[in-house]
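What follows is a single structure, written as C-alpha coordinates, with notes after it.
The values are calculated or read from the model by the stated rules, or taken from the named source; none is laboratory data. Because the structure is predicted, anything quoted here is derived from the model rather than measured. Glycine also receives a Cβ, built like all others from the backbone with ideal geometry; neighbour counts cover every protein chain displayed. Only protein heavy atoms, including side chains, enter the accessible area calculation; ligands, DNA and RNA are left aside. Shrake-Rupley method; radii C 1.70, N 1.55, O 1.52, S 1.80 Å.
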Amino acid sequence: MFESTMMDIPLTIEMILDRARSTAADVEVVSRLPDRQLHKTTYGAIAERTERLARALIDAGIKPRDRVATLMWNHSQHLECYLGIPLAGAVIHTLNLRLHPDEIAYIAADAQDRFLIVDDVLLPLFEAFRGKHHFEKVIVVGTAKPLPPDAIPYEDFLERGNPQITLPKIQENDPLGCCYTSGTTGRPKGVVYSHRSTILHSLVTALPDCLDLSQDDCLLAVVPMFHVNAWGLPYTSVLVGARQVLPGPFLDAPSLLDLMEAEKVTVAAGVPTIWLGIREELDARPRNLNARMVVGGAAAPEQLIRDFDRMGLQLIQAWGMTETSPVGLVSRLSPAARNLPLDEQYKLRAKQGRPAPLVQIRVCNEKGEVPADGKTSGEVQIRGPWITRGYTSGVVDQRWTADGYFKTGDVANRDALGYIQLTDRTADLIKSGGEWIASQTLENVIMGHPAVREAAVIGVPHPKWSERPLAVVVLKPGAKASSDELKEHMAPHFAKFQLPDAFVFVDAIPRTSAGKFKKTELRQEYRNWSW
Ligand code: ADP
(Lines give C-alpha, C1' and ligand atoms only; values in the text may rest on other atoms or scores of the structure.)
Protein backbone atom coordinates (compact mmCIF):
# COMPACT_ATOMS: atom_id res chain seq x y z
CA MET A 1 0.00 0.00 0.00
CA PHE A 2 1.38 3.39 -0.94
CA GLU A 3 -0.91 5.98 0.63
CA SER A 4 -1.00 9.76 0.68
CA THR A 5 0.94 11.22 3.57
CA MET A 6 -1.12 14.42 3.62
CA MET A 7 -3.17 15.47 6.62
CA ASP A 8 -6.83 14.64 6.39
CA ILE A 9 -8.28 17.96 7.54
CA PRO A 10 -11.95 18.64 6.79
CA LEU A 11 -12.80 21.73 4.75
CA THR A 12 -15.19 23.51 7.10
CA ILE A 13 -16.37 26.99 8.10
CA GLU A 14 -13.63 26.89 10.78
CA MET A 15 -11.11 27.61 8.01
CA ILE A 16 -12.90 30.78 6.94
CA LEU A 17 -13.33 31.86 10.52
CA ASP A 18 -9.67 31.25 11.18
CA ARG A 19 -8.79 33.82 8.51
CA ALA A 20 -11.15 36.32 10.16
CA ARG A 21 -9.39 35.77 13.49
CA SER A 22 -5.84 35.85 12.21
CA THR A 23 -4.68 37.29 8.84
CA ALA A 24 -7.73 39.48 8.30
CA ALA A 25 -8.57 40.45 11.90
CA ASP A 26 -8.15 44.17 11.29
CA VAL A 27 -10.02 44.27 7.96
CA GLU A 28 -13.12 46.46 8.10
CA VAL A 29 -16.75 45.59 7.50
CA VAL A 30 -18.96 48.62 6.87
CA SER A 31 -22.76 48.33 7.08
CA ARG A 32 -25.46 50.83 6.23
CA LEU A 33 -28.02 50.84 9.07
CA PRO A 34 -31.75 51.43 8.59
CA ASP A 35 -31.28 55.05 9.79
CA ARG A 36 -28.67 55.44 6.98
CA GLN A 37 -25.74 55.73 9.44
CA LEU A 38 -22.63 53.70 8.66
CA HIS A 39 -21.60 51.08 11.22
CA LYS A 40 -17.98 49.93 11.13
CA THR A 41 -16.48 46.81 12.65
CA THR A 42 -13.68 44.34 11.82
CA TYR A 43 -13.41 40.66 10.92
CA GLY A 44 -11.66 40.15 14.25
CA ALA A 45 -14.64 41.52 16.18
CA ILE A 46 -17.06 39.60 13.97
CA ALA A 47 -15.14 36.35 14.59
CA GLU A 48 -15.44 36.83 18.33
CA ARG A 49 -19.18 37.56 18.11
CA THR A 50 -19.63 34.63 15.71
CA GLU A 51 -18.29 32.23 18.31
CA ARG A 52 -20.59 33.70 20.93
CA LEU A 53 -23.55 33.30 18.56
CA ALA A 54 -22.66 29.64 17.91
CA ARG A 55 -22.38 28.90 21.63
CA ALA A 56 -25.58 30.80 22.42
CA LEU A 57 -27.45 28.75 19.81
CA ILE A 58 -26.17 25.52 21.36
CA ASP A 59 -27.10 26.78 24.83
CA ALA A 60 -30.61 27.50 23.54
CA GLY A 61 -30.97 23.91 22.34
CA ILE A 62 -29.87 23.99 18.71
CA LYS A 63 -28.50 20.61 17.64
CA PRO A 64 -26.35 19.68 14.62
CA ARG A 65 -28.31 19.96 11.33
CA ASP A 66 -31.14 22.01 12.90
CA ARG A 67 -32.24 24.90 10.71
CA VAL A 68 -31.90 28.50 11.90
CA ALA A 69 -33.62 31.00 9.61
CA THR A 70 -32.57 34.57 8.94
CA LEU A 71 -34.83 37.35 7.64
CA MET A 72 -32.37 40.19 7.14
CA TRP A 73 -30.82 42.72 4.84
CA ASN A 74 -27.07 42.74 4.06
CA HIS A 75 -25.17 43.84 7.19
CA SER A 76 -22.53 42.65 9.64
CA GLN A 77 -24.89 40.71 11.91
CA HIS A 78 -26.08 38.74 8.90
CA LEU A 79 -22.42 37.95 8.21
CA GLU A 80 -22.12 36.76 11.83
CA CYS A 81 -25.06 34.42 11.14
CA TYR A 82 -23.39 33.18 7.93
CA LEU A 83 -20.43 32.08 10.05
CA GLY A 84 -21.93 31.42 13.49
CA ILE A 85 -24.92 29.23 12.60
CA PRO A 86 -22.76 26.67 10.71
CA LEU A 87 -20.13 26.89 13.47
CA ALA A 88 -22.80 25.58 15.84
CA GLY A 89 -23.22 22.64 13.44
CA ALA A 90 -26.59 24.05 12.37
CA VAL A 91 -27.82 25.10 8.93
CA ILE A 92 -28.38 28.75 8.02
CA HIS A 93 -31.58 29.16 6.05
CA THR A 94 -31.79 32.63 4.50
CA LEU A 95 -35.44 33.59 3.97
CA ASN A 96 -36.19 35.84 1.01
CA LEU A 97 -37.87 38.95 2.40
CA ARG A 98 -39.27 39.91 -1.00
CA LEU A 99 -41.54 36.87 -1.20
CA HIS A 100 -45.19 36.89 -0.26
CA PRO A 101 -45.61 36.22 3.50
CA ASP A 102 -47.50 32.97 2.75
CA GLU A 103 -44.62 31.75 0.63
CA ILE A 104 -42.07 32.64 3.31
CA ALA A 105 -44.15 30.65 5.79
CA TYR A 106 -44.36 27.70 3.39
CA ILE A 107 -40.58 27.68 2.93
CA ALA A 108 -39.85 28.05 6.67
CA ALA A 109 -42.25 25.19 7.43
CA ASP A 110 -40.86 23.00 4.65
CA ALA A 111 -37.31 23.48 5.99
CA GLN A 112 -38.59 22.98 9.57
CA ASP A 113 -36.80 26.12 10.73
CA ARG A 114 -36.54 26.11 14.54
CA PHE A 115 -35.28 29.63 15.29
CA LEU A 116 -35.58 32.93 13.43
CA ILE A 117 -33.10 35.81 13.51
CA VAL A 118 -34.85 38.88 12.11
CA ASP A 119 -34.13 42.58 11.52
CA ASP A 120 -36.25 44.87 13.68
CA VAL A 121 -37.30 46.78 10.53
CA LEU A 122 -38.69 43.51 9.15
CA LEU A 123 -40.86 42.69 12.18
CA PRO A 124 -44.04 43.88 10.36
CA LEU A 125 -43.28 41.33 7.62
CA PHE A 126 -42.71 38.65 10.26
CA GLU A 127 -46.06 39.52 11.86
CA ALA A 128 -47.71 38.83 8.49
CA PHE A 129 -46.64 35.16 8.53
CA ARG A 130 -45.89 34.28 12.14
CA GLY A 131 -49.25 32.54 12.55
CA LYS A 132 -48.38 30.13 9.74
CA HIS A 133 -45.11 28.69 11.05
CA HIS A 134 -44.03 28.42 14.66
CA PHE A 135 -40.44 29.42 15.44
CA GLU A 136 -39.36 28.26 18.91
CA LYS A 137 -37.27 31.36 19.34
CA VAL A 138 -37.29 34.78 17.66
CA ILE A 139 -34.10 36.82 17.96
CA VAL A 140 -34.27 40.46 16.87
CA VAL A 141 -31.38 42.48 15.44
CA GLY A 142 -31.62 46.24 16.03
CA THR A 143 -32.82 48.53 18.74
CA ALA A 144 -36.52 48.93 17.92
CA LYS A 145 -38.90 48.90 20.86
CA PRO A 146 -41.18 47.39 21.94
CA LEU A 147 -40.32 43.88 20.77
CA PRO A 148 -42.95 41.17 20.33
CA PRO A 149 -43.53 39.63 23.81
CA ASP A 150 -41.64 36.38 23.16
CA ALA A 151 -38.68 37.89 21.22
CA ILE A 152 -35.10 38.28 22.46
CA PRO A 153 -32.75 41.11 21.39
CA TYR A 154 -29.80 39.72 19.42
CA GLU A 155 -27.26 41.42 21.68
CA ASP A 156 -28.82 39.83 24.78
CA PHE A 157 -28.84 36.47 23.03
CA LEU A 158 -25.08 36.73 22.30
CA GLU A 159 -24.52 37.16 26.07
CA ARG A 160 -25.57 33.52 26.47
CA GLY A 161 -22.57 32.42 24.40
CA ASN A 162 -20.50 31.28 27.34
CA PRO A 163 -16.97 30.07 26.32
CA GLN A 164 -17.47 26.91 28.40
CA ILE A 165 -20.03 25.63 25.90
CA THR A 166 -18.23 23.28 23.51
CA LEU A 167 -18.68 23.58 19.78
CA PRO A 168 -19.42 20.39 17.84
CA LYS A 169 -16.88 18.70 15.59
CA ILE A 170 -17.91 19.35 12.04
CA GLN A 171 -17.26 17.07 9.07
CA GLU A 172 -16.76 18.62 5.66
CA ASN A 173 -19.83 17.05 4.10
CA ASP A 174 -22.11 18.26 6.90
CA PRO A 175 -24.78 20.73 5.80
CA LEU A 176 -23.95 24.44 6.22
CA GLY A 177 -26.70 26.43 4.53
CA CYS A 178 -29.96 26.08 2.71
CA CYS A 179 -31.58 28.14 -0.06
CA TYR A 180 -34.85 27.64 -1.88
CA THR A 181 -35.29 27.92 -5.63
CA SER A 182 -37.57 30.68 -6.79
CA GLY A 183 -40.34 28.30 -7.73
CA THR A 184 -40.85 29.66 -11.23
CA THR A 185 -41.80 26.10 -12.12
CA GLY A 186 -43.81 24.52 -9.30
CA ARG A 187 -43.28 24.95 -5.56
CA PRO A 188 -39.91 26.28 -4.29
CA LYS A 189 -37.42 23.49 -3.61
CA GLY A 190 -34.64 23.41 -1.01
CA VAL A 191 -30.97 23.08 -1.93
CA VAL A 192 -28.44 22.35 0.83
CA TYR A 193 -24.82 23.50 0.61
CA SER A 194 -22.13 21.66 2.58
CA HIS A 195 -19.08 23.04 4.38
CA ARG A 196 -16.90 21.48 1.68
CA SER A 197 -18.91 22.85 -1.24
CA THR A 198 -18.83 26.32 0.30
CA ILE A 199 -15.06 26.32 0.86
CA LEU A 200 -14.30 25.03 -2.64
CA HIS A 201 -16.74 27.49 -4.24
CA SER A 202 -15.16 30.36 -2.29
CA LEU A 203 -11.63 29.37 -3.28
CA VAL A 204 -12.42 29.00 -6.95
CA THR A 205 -14.55 32.12 -7.32
CA ALA A 206 -11.69 34.17 -5.82
CA LEU A 207 -9.34 33.14 -8.64
CA PRO A 208 -8.12 35.89 -11.00
CA ASP A 209 -9.90 34.30 -13.97
CA CYS A 210 -13.14 34.01 -12.01
CA LEU A 211 -14.36 36.92 -9.90
CA ASP A 212 -10.81 37.91 -8.95
CA LEU A 213 -11.13 38.82 -5.27
CA SER A 214 -8.15 39.49 -3.04
CA GLN A 215 -7.07 41.31 0.10
CA ASP A 216 -6.68 44.45 -2.04
CA ASP A 217 -10.40 44.54 -2.74
CA CYS A 218 -13.37 46.19 -1.17
CA LEU A 219 -16.56 44.34 -2.06
CA LEU A 220 -20.07 45.76 -2.22
CA ALA A 221 -22.55 42.89 -2.42
CA VAL A 222 -25.71 44.45 -3.78
CA VAL A 223 -27.04 40.96 -4.43
CA PRO A 224 -28.99 40.22 -1.26
CA MET A 225 -27.61 37.82 1.32
CA PHE A 226 -31.01 36.06 1.09
CA HIS A 227 -30.45 35.32 -2.61
CA VAL A 228 -28.17 32.28 -3.19
CA ASN A 229 -25.92 33.38 -0.30
CA ALA A 230 -25.12 36.65 -2.11
CA TRP A 231 -23.39 34.39 -4.64
CA GLY A 232 -21.09 33.13 -1.87
CA LEU A 233 -19.27 36.47 -1.87
CA PRO A 234 -19.46 37.10 1.89
CA TYR A 235 -17.60 33.79 2.45
CA THR A 236 -15.12 34.43 -0.35
CA SER A 237 -14.35 37.90 1.01
CA VAL A 238 -13.55 36.68 4.52
CA LEU A 239 -11.40 33.88 3.13
CA VAL A 240 -9.24 36.24 1.08
CA GLY A 241 -9.44 39.14 3.54
CA ALA A 242 -11.30 41.55 1.26
CA ARG A 243 -12.98 44.52 2.97
CA GLN A 244 -16.80 44.41 2.78
CA VAL A 245 -19.37 47.14 2.43
CA LEU A 246 -22.93 45.99 3.10
CA PRO A 247 -25.70 48.27 1.84
CA GLY A 248 -28.49 47.39 4.33
CA PRO A 249 -31.95 48.16 2.95
CA PHE A 250 -30.81 50.97 0.60
CA LEU A 251 -30.46 49.56 -2.89
CA ASP A 252 -31.36 52.65 -4.94
CA ALA A 253 -28.73 53.88 -7.39
CA PRO A 254 -27.72 57.14 -5.60
CA SER A 255 -27.28 55.36 -2.23
CA LEU A 256 -25.18 52.61 -3.83
CA LEU A 257 -23.04 55.08 -5.75
CA ASP A 258 -22.49 57.18 -2.61
CA LEU A 259 -21.22 54.06 -0.86
CA MET A 260 -19.05 53.05 -3.80
CA GLU A 261 -17.44 56.46 -3.90
CA ALA A 262 -17.02 57.08 -0.17
CA GLU A 263 -15.82 53.57 0.70
CA LYS A 264 -13.63 53.14 -2.41
CA VAL A 265 -15.39 49.96 -3.51
CA THR A 266 -13.36 47.95 -6.06
CA VAL A 267 -15.86 45.15 -6.79
CA ALA A 268 -19.65 45.36 -6.74
CA ALA A 269 -22.02 42.49 -7.51
CA GLY A 270 -25.69 42.44 -8.51
CA VAL A 271 -28.33 41.54 -11.10
CA PRO A 272 -28.53 43.52 -14.39
CA THR A 273 -31.56 45.60 -13.35
CA ILE A 274 -29.43 47.15 -10.57
CA TRP A 275 -26.77 48.17 -13.10
CA LEU A 276 -29.40 49.55 -15.49
CA GLY A 277 -30.44 51.96 -12.73
CA ILE A 278 -26.82 52.78 -11.93
CA ARG A 279 -26.09 53.56 -15.59
CA GLU A 280 -29.01 55.98 -15.71
CA GLU A 281 -27.85 57.74 -12.56
CA LEU A 282 -24.26 57.98 -13.86
CA ASP A 283 -25.50 59.34 -17.19
CA ALA A 284 -27.31 62.10 -15.31
CA ARG A 285 -24.60 62.77 -12.69
CA PRO A 286 -21.17 61.38 -13.67
CA ARG A 287 -18.84 60.31 -10.84
CA ASN A 288 -15.27 59.29 -10.57
CA LEU A 289 -15.35 55.51 -10.09
CA ASN A 290 -13.00 52.68 -10.85
CA ALA A 291 -14.47 49.27 -10.08
CA ARG A 292 -15.31 45.85 -11.42
CA MET A 293 -18.95 44.94 -11.41
CA VAL A 294 -19.99 41.32 -11.32
CA VAL A 295 -23.32 40.83 -13.01
CA GLY A 296 -25.36 37.63 -13.05
CA GLY A 297 -28.79 36.16 -12.47
CA ALA A 298 -29.96 37.36 -15.89
CA ALA A 299 -28.23 38.29 -19.13
CA ALA A 300 -26.16 41.49 -19.17
CA PRO A 301 -26.96 43.36 -22.42
CA GLU A 302 -23.87 44.03 -24.55
CA GLN A 303 -24.72 47.74 -24.60
CA LEU A 304 -24.51 47.86 -20.81
CA ILE A 305 -20.99 46.39 -20.92
CA ARG A 306 -19.95 48.98 -23.54
CA ASP A 307 -21.51 51.88 -21.60
CA PHE A 308 -19.79 50.95 -18.35
CA ASP A 309 -16.43 50.65 -20.06
CA ARG A 310 -16.81 54.31 -21.04
CA MET A 311 -17.45 55.15 -17.39
CA GLY A 312 -14.35 53.32 -16.17
CA LEU A 313 -16.35 50.39 -14.80
CA GLN A 314 -15.61 46.87 -15.96
CA LEU A 315 -18.62 44.55 -16.14
CA ILE A 316 -17.91 40.86 -15.58
CA GLN A 317 -20.70 38.49 -16.43
CA ALA A 318 -21.23 35.26 -14.48
CA TRP A 319 -23.91 32.60 -14.72
CA GLY A 320 -25.34 30.30 -12.11
CA MET A 321 -28.36 29.06 -10.25
CA THR A 322 -29.48 28.32 -6.70
CA GLU A 323 -28.71 24.66 -7.53
CA THR A 324 -25.11 25.53 -8.48
CA SER A 325 -24.04 27.57 -5.38
CA PRO A 326 -24.18 29.57 -7.82
CA VAL A 327 -21.07 30.21 -9.93
CA GLY A 328 -20.75 27.93 -12.98
CA LEU A 329 -19.70 30.14 -15.90
CA VAL A 330 -17.66 33.33 -15.91
CA SER A 331 -17.06 35.50 -18.96
CA ARG A 332 -13.43 36.65 -18.83
CA LEU A 333 -11.47 37.19 -22.02
CA SER A 334 -8.99 34.41 -22.72
CA PRO A 335 -5.56 35.33 -24.20
CA ALA A 336 -6.86 34.17 -27.62
CA ALA A 337 -9.97 36.32 -27.28
CA ARG A 338 -7.95 39.41 -26.41
CA ASN A 339 -6.45 39.32 -29.92
CA LEU A 340 -9.86 39.62 -31.55
CA PRO A 341 -11.29 42.91 -32.88
CA LEU A 342 -12.98 44.98 -30.17
CA ASP A 343 -16.52 44.26 -31.42
CA GLU A 344 -15.84 40.52 -31.18
CA GLN A 345 -14.50 40.97 -27.66
CA TYR A 346 -17.73 42.71 -26.60
CA LYS A 347 -19.75 39.88 -28.12
CA LEU A 348 -17.79 37.39 -26.01
CA ARG A 349 -18.14 39.43 -22.84
CA ALA A 350 -21.90 39.48 -23.37
CA LYS A 351 -21.91 35.66 -23.43
CA GLN A 352 -22.22 33.82 -20.12
CA GLY A 353 -18.65 32.56 -20.37
CA ARG A 354 -16.52 29.49 -19.79
CA PRO A 355 -16.76 26.96 -16.95
CA ALA A 356 -15.11 27.82 -13.64
CA PRO A 357 -12.38 25.37 -12.60
CA LEU A 358 -13.65 22.14 -10.97
CA VAL A 359 -17.05 22.24 -12.69
CA GLN A 360 -17.86 20.37 -15.89
CA ILE A 361 -20.37 21.97 -18.22
CA ARG A 362 -21.71 20.64 -21.50
CA VAL A 363 -24.45 21.72 -23.90
CA CYS A 364 -26.53 18.82 -25.18
CA ASN A 365 -29.44 18.30 -27.53
CA GLU A 366 -31.15 15.09 -28.59
CA LYS A 367 -28.10 14.17 -30.72
CA GLY A 368 -25.60 14.55 -27.87
CA GLU A 369 -23.14 17.40 -27.26
CA VAL A 370 -23.69 20.28 -29.68
CA PRO A 371 -20.87 21.21 -32.07
CA ALA A 372 -18.74 24.21 -31.02
CA ASP A 373 -20.17 26.41 -33.80
CA GLY A 374 -21.73 29.19 -31.71
CA LYS A 375 -25.10 28.37 -33.28
CA THR A 376 -26.52 24.93 -32.56
CA SER A 377 -28.44 25.08 -29.33
CA GLY A 378 -28.98 22.59 -26.56
CA GLU A 379 -29.53 22.44 -22.82
CA VAL A 380 -26.79 23.40 -20.36
CA GLN A 381 -25.81 20.48 -18.11
CA ILE A 382 -23.46 20.84 -15.16
CA ARG A 383 -21.62 18.64 -12.66
CA GLY A 384 -19.16 19.48 -9.90
CA PRO A 385 -18.41 19.64 -6.16
CA TRP A 386 -20.77 22.59 -5.53
CA ILE A 387 -23.62 21.46 -7.81
CA THR A 388 -26.62 19.91 -6.05
CA ARG A 389 -27.40 16.23 -6.51
CA GLY A 390 -30.97 16.56 -5.27
CA TYR A 391 -33.50 18.71 -3.46
CA THR A 392 -34.51 18.49 0.20
CA SER A 393 -37.74 16.97 -1.06
CA GLY A 394 -35.73 14.26 -2.86
CA VAL A 395 -34.36 13.75 -6.33
CA VAL A 396 -36.48 14.86 -9.24
CA ASP A 397 -35.21 12.25 -11.69
CA GLN A 398 -35.79 14.13 -14.90
CA ARG A 399 -33.41 16.91 -13.75
CA TRP A 400 -30.29 14.70 -13.54
CA THR A 401 -28.70 12.62 -16.28
CA ALA A 402 -27.61 9.02 -15.74
CA ASP A 403 -23.98 10.21 -15.50
CA GLY A 404 -24.75 12.74 -12.78
CA TYR A 405 -25.11 16.05 -14.64
CA PHE A 406 -27.77 18.51 -13.46
CA LYS A 407 -30.06 19.59 -16.31
CA THR A 408 -30.43 23.34 -15.90
CA GLY A 409 -33.34 24.13 -18.21
CA ASP A 410 -31.19 26.87 -19.79
CA VAL A 411 -30.80 26.83 -23.56
CA ALA A 412 -27.41 27.77 -24.99
CA ASN A 413 -24.79 27.33 -27.70
CA ARG A 414 -21.02 26.97 -27.43
CA ASP A 415 -18.42 28.59 -29.70
CA ALA A 416 -14.99 27.45 -30.86
CA LEU A 417 -13.28 29.34 -28.01
CA GLY A 418 -15.41 27.48 -25.47
CA TYR A 419 -17.70 30.38 -24.57
CA ILE A 420 -21.26 29.39 -23.76
CA GLN A 421 -24.04 31.78 -24.71
CA LEU A 422 -27.45 31.43 -23.12
CA THR A 423 -30.22 32.11 -25.54
CA ASP A 424 -33.11 31.43 -23.23
CA ARG A 425 -34.65 29.49 -20.39
CA THR A 426 -36.73 26.58 -21.70
CA ALA A 427 -39.79 28.09 -20.04
CA ASP A 428 -39.32 31.42 -21.86
CA LEU A 429 -38.75 30.05 -25.39
CA ILE A 430 -41.36 31.20 -27.88
CA LYS A 431 -42.87 28.59 -30.20
CA SER A 432 -43.90 30.23 -33.46
CA GLY A 433 -45.25 28.07 -36.30
CA GLY A 434 -43.09 25.11 -35.30
CA GLU A 435 -39.91 27.21 -34.89
CA TRP A 436 -38.37 28.19 -31.58
CA ILE A 437 -37.53 31.85 -30.95
CA ALA A 438 -35.13 32.71 -28.12
CA SER A 439 -36.31 35.75 -26.20
CA GLN A 440 -33.02 36.73 -24.48
CA THR A 441 -31.23 37.29 -27.78
CA LEU A 442 -34.00 39.62 -28.91
CA GLU A 443 -33.93 41.54 -25.63
CA ASN A 444 -30.18 42.00 -25.83
CA VAL A 445 -30.49 43.70 -29.21
CA ILE A 446 -33.48 45.89 -28.27
CA MET A 447 -31.57 47.08 -25.20
CA GLY A 448 -28.76 48.09 -27.58
CA HIS A 449 -31.01 50.87 -28.96
CA PRO A 450 -29.97 54.21 -27.45
CA ALA A 451 -33.53 55.14 -26.42
CA VAL A 452 -34.25 51.87 -24.57
CA ARG A 453 -33.78 51.38 -20.85
CA GLU A 454 -35.27 47.90 -20.44
CA ALA A 455 -36.91 45.29 -22.63
CA ALA A 456 -38.51 41.88 -22.10
CA VAL A 457 -39.82 39.70 -24.91
CA ILE A 458 -42.55 37.14 -24.28
CA GLY A 459 -44.50 34.63 -26.34
CA VAL A 460 -48.18 35.53 -26.60
CA PRO A 461 -50.85 33.10 -27.90
CA HIS A 462 -51.54 33.57 -31.62
CA PRO A 463 -54.41 31.97 -33.60
CA LYS A 464 -52.23 31.02 -36.57
CA TRP A 465 -48.66 30.64 -35.27
CA SER A 466 -49.45 29.25 -31.80
CA GLU A 467 -47.27 32.00 -30.25
CA ARG A 468 -45.69 35.22 -31.49
CA PRO A 469 -43.12 37.44 -29.76
CA LEU A 470 -44.29 40.65 -28.11
CA ALA A 471 -41.73 43.13 -26.75
CA VAL A 472 -42.43 45.07 -23.59
CA VAL A 473 -40.21 48.15 -23.59
CA VAL A 474 -39.28 50.88 -21.11
CA LEU A 475 -37.71 53.94 -22.73
CA LYS A 476 -35.06 56.09 -21.05
CA PRO A 477 -36.48 59.25 -19.45
CA GLY A 478 -37.22 61.82 -22.15
CA ALA A 479 -36.22 59.43 -24.99
CA LYS A 480 -38.46 58.54 -27.93
CA ALA A 481 -38.62 55.53 -30.26
CA SER A 482 -41.49 54.07 -32.28
CA SER A 483 -42.24 50.37 -32.86
CA ASP A 484 -41.11 50.71 -36.48
CA GLU A 485 -37.84 52.26 -35.41
CA LEU A 486 -37.12 49.47 -32.96
CA LYS A 487 -38.02 46.84 -35.53
CA GLU A 488 -35.69 48.46 -38.03
CA HIS A 489 -32.91 48.51 -35.44
CA MET A 490 -33.38 44.77 -34.87
CA ALA A 491 -33.86 43.69 -38.48
CA PRO A 492 -30.16 43.24 -39.42
CA HIS A 493 -29.66 40.79 -36.54
CA PHE A 494 -32.57 38.38 -37.02
CA ALA A 495 -34.63 36.43 -39.52
CA LYS A 496 -37.92 38.17 -40.23
CA PHE A 497 -40.05 35.59 -38.41
CA GLN A 498 -38.02 36.14 -35.22
CA LEU A 499 -38.83 39.84 -34.93
CA PRO A 500 -41.52 40.87 -32.42
CA ASP A 501 -44.90 41.54 -34.02
CA ALA A 502 -45.77 44.14 -31.43
CA PHE A 503 -43.99 46.56 -29.11
CA VAL A 504 -45.73 47.77 -25.97
CA PHE A 505 -44.30 50.80 -24.18
CA VAL A 506 -44.66 50.75 -20.39
CA ASP A 507 -43.28 52.66 -17.39
CA ALA A 508 -41.81 49.61 -15.65
CA ILE A 509 -41.36 45.87 -16.12
CA PRO A 510 -42.41 43.77 -13.11
CA ARG A 511 -39.50 42.22 -11.19
CA THR A 512 -39.06 38.88 -9.43
CA SER A 513 -37.94 38.74 -5.81
CA ALA A 514 -34.35 38.63 -7.10
CA GLY A 515 -34.84 41.73 -9.26
CA LYS A 516 -35.12 39.93 -12.63
CA PHE A 517 -37.79 40.63 -15.23
CA LYS A 518 -40.88 38.69 -14.20
CA LYS A 519 -41.98 37.14 -17.47
CA THR A 520 -44.65 34.92 -15.89
CA GLU A 521 -46.50 38.08 -14.88
CA LEU A 522 -46.04 39.66 -18.33
CA ARG A 523 -47.34 36.52 -20.05
CA GLN A 524 -50.38 36.61 -17.79
CA GLU A 525 -50.96 40.30 -18.47
CA TYR A 526 -50.77 40.01 -22.28
CA ARG A 527 -52.35 36.57 -22.69
CA ASN A 528 -55.43 38.04 -24.40
CA TRP A 529 -53.50 40.35 -26.71
CA SER A 530 -55.35 40.85 -29.99
CA TRP A 531 -52.95 40.66 -32.91
P1 ADP B 1 -34.71 32.19 -10.52
O2 ADP B 1 -34.14 32.97 -11.67
O3 ADP B 1 -35.61 31.12 -10.99
O4 ADP B 1 -35.19 33.10 -9.46
P5 ADP B 1 -32.04 31.47 -9.74
O6 ADP B 1 -31.68 32.69 -9.02
O7 ADP B 1 -31.51 30.18 -9.27
O8 ADP B 1 -33.58 31.34 -9.81
O9 ADP B 1 -31.68 31.75 -11.24
C10 ADP B 1 -31.10 30.84 -12.12
C11 ADP B 1 -31.37 31.22 -13.53
O12 ADP B 1 -31.03 32.58 -13.80
C13 ADP B 1 -30.55 30.43 -14.52
O14 ADP B 1 -31.11 29.17 -14.74
C15 ADP B 1 -30.57 31.33 -15.74
O16 ADP B 1 -31.75 31.13 -16.49
C17 ADP B 1 -30.61 32.71 -15.15
N18 ADP B 1 -29.27 33.31 -15.18
C19 ADP B 1 -28.35 33.35 -14.22
N20 ADP B 1 -27.25 34.01 -14.61
C21 ADP B 1 -27.47 34.42 -15.88
C22 ADP B 1 -26.71 35.14 -16.87
N23 ADP B 1 -25.51 35.63 -16.61
N24 ADP B 1 -27.29 35.34 -18.07
C25 ADP B 1 -28.50 34.87 -18.35
N26 ADP B 1 -29.26 34.20 -17.48
C27 ADP B 1 -28.76 33.96 -16.26
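Details
- Residue match in segment 403-418 (condition: within 14 Å of the ligand (Cβ to nearest atom), among the small types (Gly, Ala, Ser) and more than 26 Å from ILE199 (Cα to Cα)): yes
- Qualifying position, being over 30 Å from ARG292 (Cβ atoms), at pLDDT 95 or above, of a type in the set (A, V, I, L, M) and out of contact with any helix residue (DSSP H, G or I) (no Cβ under 9 Å at 6 or more places or on another chain), among VAL370, VAL363, VAL396, VAL380: VAL370
- Scanning segment 304-320 for residues that are open to solvent by less than 10 Å² (accessible area, probe 1.4 Å), part of a strand (DSSP E or B) and within 16 Å of the ligand (Cβ to nearest atom) gives LEU315, ILE316, GLN317.
The rows are residues; the columns are (1) at pLDDT 95 or above; (2) away from the ligand (no atom under 16 Å from the Cβ); (3) over 30 Å from GLU263 (Cβ atoms); (4) open to solvent by 20 Å² or more (accessible area, probe 1.4 Å).
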| position | (1), (2), (3), (4) |
| --- | --- |
| GLN164 | yes, yes, yes, yes |
| ASP174 | yes, yes, yes, yes |
| TYR180 | yes, no, yes, yes |
| THR185 | no, no, yes, yes |
| VAL191 | yes, no, yes, no |
| LEU207 | yes, yes, no, yes |
| SER214 | yes, yes, no, yes |
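- Residue pairs meeting the criteria (Cβ under 9 Å; at least 6 apart or on separate chains; first over 17 Å from GLY241 (Cβ atoms) and among the β-branched types (Val, Ile, Thr), in segment 35-48; second open to solvent by 40 Å² or more (accessible area, probe 1.4 Å) and modelled with pLDDT of 95 or more): none
- Here ARG36, ARG65, ARG52 are screened, and the one residue that is open to solvent by 20 Å² or more (accessible area, probe 1.4 Å), under 18 Å from LEU158 (Cα atoms) and outside any strand (DSSP E or B) is ARG52.
- Residue match in segment 321-334 (condition: away from the ligand (no atom under 13 Å from the Cβ) and either aliphatic (A, V, I, L, M) or part of a helix (DSSP H, G or I) (or both)): yes
- Within segment 73-106, tally of residues that are touching a residue at least 60 places away in the same chain (Cβ under 8 Å), under 15 Å from SER513 (Cβ atoms) and assigned to a loop (DSSP other than H, G, I, E, B): 6
- Listed by position, the helices (runs of 4 or more DSSP H) enclosed by segment 167-279 include none that has at least 1 residues that are touching an Asp or Glu at 6+ places or on another chain (Cβ under 8 Å) and on the phi > 0 side of the Ramachandran plot.
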